[in-house]
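In what follows, a structure is listed as structure tokens, so that the remarks can point back to it.
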Amino acid sequence: MGKMHIKVTVNGKQHELLAEPRELLIHVLREELGITGPHIGCETSHCGACTVDMDGKSVKSCTVFAAQANGANITTIEGLGNPDGLHVLQQMFKEHHGLQCGFCTPGMITRAYRFLQENPDPTEEEVRFGMAGNLCRCTGYQNIVKAILAAAAEMNAAKEAAQ
Amino acid sequence: MIPGTFDYHRPDSVEAAVALLAEHGDEARAIAGGHSLIPMMKLRMAEVQHLVDLQGITDLKGIKVDGGTVTIGAMATQHELIASEALAQAAPIIREAALQIADPQVRYVGTIGGNVANGDPGNDMPGLMQCLDATYVLVGPEGKRDVQARDFYEAAYFTARSDDELLVSIRFTAPKGGYAYEKQKRKIGDYATAAAAVLIAKDGGTCSSASIAMTNLSDTPVWCEAAAEALVGTSLDKAAVDAAVAAMTGAIDPQEDNRGPVDFKKHVAGVVLRRAIERAASRA
Amino acid sequence: MNEMTPPKTERAEALKGLGSSRKRVEDARFTQGKGNYVDDLKLPGMLFGDFVRSPYAHARVKSINADKAKALPGVVAVLTAADLAPLNLHWMPTLAGDKQMVLADGKVLFQGQEVAFVVAEDRYIAADAVELVEVEYEELPVVVDPFKAQADDAPVLREDLEGKMEGAHGARRHHNHIFTWEQGDKDATESVLGSADVVAEEMIYYHRTHPCPLETCGCVASMDKVNGKLTVHGTFQAPHAVRTVASLISGIAEHNIRIISPDIGGGFGNKVGVYPGYICSIVASIVTGVPVKWIEDRMENLMATAFARDYWMQGKISATKDGKITGLWCHTTADHGAFDACADPSKFPAGFMNICTGSYDIPTAYLAVDGVYTNKAPGGVAYRCSFRVTEAAYFIERMIEVLAIKLGMDAAELRAKNFIRKDQFPYQSALGWEYDSGDYHTAWEKALKAVDYDGLRKEQAERVEAFKRGETRKLLGIGLTHFTEIVGAGPVKNCDILGLGMFDSCEIRIHPTGSAIARLGTISQGQGHATTFAQILASEIGLPADDITIEEGDTDTAPYGLGTYGSRSTPVAGAATAMAGRKIRAKAQMIAAYLLEVHDDDVEWDVDRFVVKGAPERFKTMKEIAFASYNQAIPGVEPGLEAVSYYDPPNMTYPFGAYICVMEIDADTGEHEIRQFYALDDCGTRINPMIIEGQVHGGATEGYAIAMGQEIAYDDMGNVKTGTLMDFFLPTAWETPHYTTDHTVTPSPHHPIGAKGVGESPNVGSVPAFSNAVHDAFRAFGLVQSHMPHDQWRIWTVARDLGLHG
């Protein structure tokens, strides 16, 4: 039961590493690759703080083994924007006070990113349902929902302007 | 919460997977989405020496609707079940139920095969499959065999599947008439306090066929023939529904847990069944 | 005015000071995943610690065999009580004057108690090693019920206290009894109750729950043997207090200990206490000479670190026939678990439970609290509240409803009839507090009007009739609350923790170019201190908030303070900030006068500058003054522009609010739907309305969870039944209600800027609003009292017991 070679692409960068198969993806990201945006909140796949985008799906990286992620293409909060160009969701979370302690925020935004890819023009109810895999203890969600709706509007306006 | 060590296998064919299961016996476990198994491993309530990951097996994927027959690969995710327009046409009850399972992230990885095969009485799909009278296709070292969903569940986590068999697909005839999946739970992500899967076909004002299955109200799903029979041939009037609920209540055996005491669960089972019948009838 | 000088309002706006909904400066890093939480820290050579925990709630530990664990490659050490005893660290003092086992010393007293600490090269090996430690237990009888714990023949839980009839808070009268705390006039209250027109009596239970921040507790302890310095990064809501405690119990000189609270992923009271994990990590680092990290998992967090509430409150309230309250009596049985580890000021073993007269002018009152040991986890922290204020508010707001039923009166009218009037402030309560300011009637009327209270009552009456006719199975509940908080602990004369006065502090340094850094003794856990404290300062010293850095949480650099909990940051540290700012301004005035060649008294403050009285074209801006302070030799004035203030508040502050919840309840399934939630808060001067609103949303959501399902439940064997987030209710965006916020402003007369604090009001106020809505829905059918949490099966049971299932 030794270590195995794992290849993953994270935020556009390929990594090869040795890991025990049982190692959890969240630990690989945080401890091996130093990507500490995704957090560990509950460890039983309820809270979503560890959410990353894996092969176009929002997944809870505390409930994925490194071995299962072998070959995957992963995007974390660190891959969504950068200090010179924040993702519109990052901007809107700040603009609408969609975060307080910040611990759930990376998972929340990463999930919202995928949600808006699938549903670019959601209702408030759809946002609440689509974000129900992510727990927040601070905000009561109201401003998170507001931020996501605002981001959707911004993204749609940008799309229209581009056409 | 750290799991114990294991060897990891990612076979690329059903045969290879079955061979691994056969080789390692009860030390091996197949893993699909893993959202039931991995938490159990992290809590060290499941000891697995050989983990056989099914994600590389193309044959296990896909949803096919062919004439009146629906075939769903074991590795189809809840998300794919929800997204499939063909499935929504053929058996809309599946989308209605799948949307009530877990949360978005879990639905991306959770599979129908994992949901029906692990025998967890809390899972929603087993009852639904019994309601649909689905057939499970199992492949083992001896080859392929079919088991009806209604014959599959023996007790909590005990099923007709042997350790060296793999559930590869699920097949059922597209139902006709109205449908409803009604689930009461405490919050998103919770298992059912009580859930009812109901199919109803009508001929004029009369119920011509019905199927009823209940979830998380016993150590297996409860397909309740007597409850369905109570509806057939009636106008689905109050007396018929009362009889169906009474038959169902006699068939379930809920246990007290954090969701509530037995009396409560029995009562709620009746309520969700009534609501499911009403909604299914309105769609029939 | 100089033509170049923009108008006052424009300059004030540019500062983003008090009243500005300034966007948070913290958010840039949090939204990019660049927060710095304790588990993000990775130090060279760092080891990882993990606990062996007791599966039993009460058992003797017969033996611990760690040989197999020690033999596992990668395991560095396994610590047990026997290893800690020579250092006298196998027990530690609690914040409540009791002591607590760090590692099981002969027995275990609650499920999940720490038994041994495994130290290994990584968390995987540590977890494997935990499985290999063999512990032999002999089970003992378990007591989880605080009333049974006081029976004569109840098992002795704390053998270490046997025969000790004097505790930290006076006499103990039973082997499982901790203290009795009495306030008010017992005889007078009993006499009032005895002769009253109407007396309502009820047992009000506020169940055990848990703050459950999304980030669990943890630390990294690092003993540098070369320079003799211990550094501990951790989830500490009170870093300075932790340093003092660590020094006192370890013997390491305080200047050789550095405590750092990095970003904290929510606290809500859970991170006030000192936990065995911290002590064991420190010891392990001292023993191994390398850093040791300990991060608890979610089950450990829920099972072993500090719980909240668990108060059984027997109440009697008396009134005249027409509804004027004459007296209040309360006896509380407080379940403290295995060790009294409540986080309360030393002289208040039941916190500020004596605020239980609430918003009402109750002339005579009496409160007694008995603390009791049981086989449950220790704690009793203020879960987003100020030391048992939530319990007090819930108690009085339920008792008002119970009294309204007894009187056959509308509960809104009963409240209005008994509110402390505006002209009665400052108000001396019967249980010893001096309420600073309030205008309850105005807030109440505004709230009732906002929700169309009369219309709601009419709709409710129609609903009841429709229900009785069988046309609907849904009931409508209108939950009312008017709460008064007591926060901002507190005045050193009566508030201390372990002898440390509960003042707080701020130290400001203005840089030559007119930007600044301010350091405080508090620590943000999401409240946005870096944003709001800069706003207070911006208004005080006339420099833009954007040019002011706020720093907290490092005991080597921050001034001493008691930390952030009990809504004390704004009332105490916020006041210190304003006071330090005023010192800066006083010195700036001298510098300005010197530069303008006038007498000090001839200049006056104007938003961001000093101007010569009567000659507004002659001024010096704060930026100019800052630079001058570094380059001018001013006779009698030291160079530089710095100030420090240690603020000892003269009184607590008393925020209040009116919350109304409208709830639909399904009598058949016990399900509910929140149709409307209106929250009016009066927190005095409002520093940042955006952040206040965010605090209200968050606190009300916690209150929603607590009222409607969240609990730490035990079975009779002392097993925790709600150890994961499957069963411990944290609502998602789907279940969480939508909130409407509102406010009135009644400044605190004694706070330098009139602010009162708001972080915890919504938790305190919303729980009774939700709970009262449930009760109110069933009032027409005879319900008087039903215990929280109001989850589906409990609501269903209420409906069944009232005969509503036909």
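The values are calculated or read from the model by the stated rules, or taken from the named source; none is laboratory data. Given the structure is predicted, the values throughout are model-derived calculations rather than measurements. For neighbour counting, all protein chains shown are included, and Cβ atoms are generated from backbone atoms with ideal geometry for every residue, glycine included. Just the protein is used for accessible areas: all its heavy atoms, side chains included, with ligands, DNA and RNA removed. Shrake-Rupley method; radii C 1.70, N 1.55, O 1.52, S 1.80 Å.
Using a 1.4 angstrom probe and counting only protein chains, how large is the accessible area of B:Ser208 in Å², to 10?
For B:Ser208, the solvent-accessible surface is approximately 60 Å².
Arrange the residues C:Thr442, C:Thr577 by how much accessible surface each exposes, largest first, with a 1.4 angstrom probe.
C:Thr442, C:Thr577
Quick one: among B:Val262, B:Val271, B:Val137, which has the greatest mean-square fluctuation in a GNM of chain B with alpha-carbon springs under 10 angstrom?
Greatest mean-square fluctuation among the candidates belongs to B:Val262.
Peptide B:32-39: average number of partner chain Cβ atoms within 10 Å per residue?
Per residue, the average neighbour count from other chains is 5.
Can you tell me the dipole magnitude for the range C:575-694 around its Cα centre, using point charges on the Cβ only (Lys, Arg +1; Asp, Glu -1), in Debye to the nearest 20?
820
What does the average come to when, for each residue of peptide A:112-124, you count the partner chain Cβ atoms lying within 10 Å of its Cβ?
Mean shielding count: 1.
Out of every Cα pair in chain A, what percent are spaced more than 22 Å from each other?
Cα-Cα pairs in chain A separated by more than 22 Å: 41 percent.
Counting each DSSP H run of 4 or more residues in chain C as -39500 (n - 2.57), what helix-only mean residue ellipticity at 222 nm follows after dividing by all residues, to the nearest 500 deg cm²/dmol?
Roughly -8500 deg cm²/dmol at 222 nm, from the helical runs in chain C.
Along the positive direction of the dipole of chain C (beta-carbon charges: Lys, Arg +1; Asp, Glu -1; about the Cα centre), which of C:Trp444, C:Pro211, C:Tyr594 reaches farthest?
It is C:Tyr594.
Counting only complete DSSP H runs, which helices of chain C cover 24 Å or more along their long axis at the Cα atoms and score a mean Kyte-Doolittle of -0.5 or above?
Span-like helices, by this rule, are C:389-407, C:575-596, C:689-708, C:761-779.
Using a 1.4 Å probe and counting only protein heavy atoms, how much accessible surface gets buried when A and B come together, both sides summed, in Å² to the nearest 100?
Chains A and B together bury approximately 2800 Å².
For the range C:587-699, what is the Kirkwood estimate of the hydrodynamic radius, computed as the reciprocal of the mean inverse distance between distinct Cα atoms, to one decimal in Å?
Averaging 1/r across every pair of different Cα atoms and inverting gives 19.2 Å.
Return the lysines within reach of C:Lys164: Cα separation strictly under 18 angstrom, same-chain partners fewer than 8 residues apart disregarded; answer none if there are no such residues.
Within the straight-line cut-off, C:Lys164 pairs with C:Lys99.
Averaged per residue, what accessible area in Å² does the protein assembly as shown show with a 1.4 Å probe, protein chains only?
33
In whole percent, what relative contact order does the range A:4-79 give with Cα contacts below 8 Å and a gap of six or more residues? Please list the in-between numbers first.
On the way: 150 pairs, mean separation 31.2, N = 76.
Relative contact order for the range A:4-79 comes out at 41 percent.
Specify the residue with the greatest mean-square fluctuation among B:Gly178, B:Gly204, B:Gly250, computed from a Gaussian network of chain B linking alpha-carbon atoms under 10 Å apart.
B:Gly204
With the crude spin-label approximation of a point 7 Å out along Cα→Cβ, what separation in nm comes out for C:Val492 versus C:Asp556?
Spacing of the two 7 Å Cα→Cβ label points: 2.7 nm.
So what is the relative contact order for chain B, in percent, with contacts set as C-alpha pairs under 8 Å and at least six apart?
16
Roughly what percent of Cα-Cα pairs across the range A:4-79 reach past 16 Å?
38
Once every DSSP H run of n ≥ 4 in chain B is given -39500 (n - 2.57) and the sum is divided by its residues, what mean residue ellipticity at 222 nm do you get, rounded to the nearest 500 deg cm²/dmol?
-10000 deg cm²/dmol
Using a 1.4 angstrom probe on the protein heavy atoms only, line up C:Leu214, C:Leu72 by accessible area, largest first.
Solvent-accessible surface, decreasing: C:Leu72, C:Leu214.
Would you please put B:20-30, C:486-496 in order of how densely packed they are, using the mean number of other Cβ atoms within 10 angstrom per residue and starting with the highest?
Sorting B:20-30, C:486-496 by mean packing, highest first, produces C:486-496, B:20-30.
Over all distinct alpha-carbon pairs, what is the Kirkwood Rh of chain B in angstrom?
19.2
Just for chain B, what percent of DSSP beta bridges are antiparallel, to the closest 5?
So the antiparallel bridges amount to about 85 percent of the total.
Probe 1.4 Å, all protein chains in place: accessible area of C:Val52 in Å², nearest 10?
Number for this one is 10 Å².
For chain C, restrict the atom set to alpha-carbon positions and state the Rg and Dmax in Å.
27.7, 90
Using a cut-off of 9 Å between beta-carbons, work out the net charge of the residues near C:Leu47 (Lys and Arg +1, Asp and Glu -1, C:Leu47 not included).
In short, -1.
For chain C, give the share of DSSP beta bridges that are antiparallel, in percent and rounded to the nearest 5; count only bridges with both residues there.
80
Under a cut-off of 17 Å between alpha-carbon atoms, report the lysines in cross-link reach of C:Lys613, not counting same-chain residues fewer than 8 places apart.
Result set, ordered by chain and number: C:Lys8.
Dipole of the protein assembly as shown (Lys/Arg Cβ +1, Asp/Glu Cβ -1, origin at the Cα centre): which of A:Pro120, C:Pro635, A:Pro38 lies farthest to the positive side?
In the protein assembly as shown, that residue is C:Pro635.
Dipole magnitude of chain C about its Cα centre, charges +1 at Lys/Arg Cβ and -1 at Asp/Glu Cβ only, in debye to the nearest 20?
In debye, rounded to 20, chain C gives about 660.
Just to be sure I understand the model, the point goes 7 Å from the Cα along the line to the Cβ. What's the resulting C:Ser191 to C:Ile634 distance in nm?
Result: 6.3 nm between the two label points.
Where the centroid of each part is defined by its Cα atoms, how far is the range C:137-187 from the range C:379-445 in Å?
So the two Cα centres are separated by 31 Å.
Among the listed pairs A:Lys3/C:Lys229; A:Lys146/B:Lys176; C:Lys70/C:Lys229; B:Lys42/C:Lys229; C:Lys186/C:Lys446; A:Lys57/B:Lys187, which have their C-alpha atoms separated by more than 32 angstrom in this model?
Those over the limit are A:Lys3/C:Lys229; A:Lys146/B:Lys176; B:Lys42/C:Lys229; C:Lys186/C:Lys446.
For C:287-297, what's the mean count of beta carbons from other chains sitting within 10 Å of each residue's beta carbon?
1
Output the Kirkwood hydrodynamic radius of the range A:15-55, Cα pairs only, in Å rounded to one decimal. Mind dumping the intermediate values first?
On the way: mean 1/r = 0.0911 Å⁻¹.
By the Kirkwood definition, the hydrodynamic radius is 11.0 Å.
For chain C, calculate the relative contact order in percent as a whole number, restricting contacts to Cα pairs under 8 Å that are 6 or more residues apart.
15
Using a 1.4 Å probe and counting only protein heavy atoms, arrange C:Met46, C:Met708, C:Met4 so the residue with the most accessible area comes first.
C:Met4, C:Met46, C:Met708
B:Arg283 accessible area, nearest 10 Å², 1.4 Å probe?
Only protein atoms counted, so the area is about 90 Å².
Can you give the % of DSSP beta bridges in the range B:178-283 that are antiparallel, to the nearest 5? Before the final figure, lay out each step's value.
Working: 19 of 19 bridges.
The antiparallel fraction comes to roughly 100 percent.
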